[in-house]
Amino acid sequence: MAEVARRLVLNVRAAMDGRSIRAVAVDVGVGNVTLSNVLAGKAWPDLATIARLEQGLDVDLWPGRPVR
């Protein structure tokens with residue numbers, strides 16, 4: 001589970017494209033403290049937050065399953 005969380009954070013950071021946490025939080029409709037805690041690994045986002053991030057950043061953030 002830790003690897004999934006790490007990859008999710010990496011995907012969010014890449015999708016932020018250098019924008020600040022506050023700017024992204026406003027654009028996607030989540031709290032900047034929530035986004036900051038997710039990026040710092042202090043909190044795991046709920047499904048609604050992941051969906052807002054994916055929609056607001058226009059990218060799939062959830063790490064895919066490995067191919068067998």
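Looking only at residues that are in contact (Cβ under 8 Å) with a residue 24 or more places away in the chain and of a type in the set (Lys, Arg) in the stretch 7-49, which one is surrounded by the fewest Cβ atoms within 10 Å (Cβ to Cβ)?
ARG13
For every residue, the table says whether it meets (1) more than 17 Å from GLU3 (Cβ to Cβ); (2) among the hydrophobic types (A, V, I, L, M, F, W, C); (3) at pLDDT 95 or above.
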position	(1), (2), (3)
ILE21	yes, yes, yes
ASN32	yes, no, yes
LEU35	yes, yes, yes
GLY41	no, no, no
ASP46	yes, no, no
VAL59	yes, yes, no
PRO63	no, no, no
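Just wondering, is there one or more residues in the stretch 59-67 that are open to solvent by 40 Å² or more (accessible area, probe 1.4 Å) and in a helix (DSSP H, G or I)?
no
The values are calculated or read from the model by the stated rules, or taken from the named source; none is laboratory data. The model shown is predicted, which means the values in this text are computed figures rather than measured ones. Cβ coordinates were reconstructed from backbone atoms using ideal geometry, including for glycine residues, and neighbour counts include every protein chain displayed. Remember, those area values only see protein heavy atoms, side chains included, never the ligands or the DNA or RNA. Shrake-Rupley method; radii C 1.70, N 1.55, O 1.52, S 1.80 Å.
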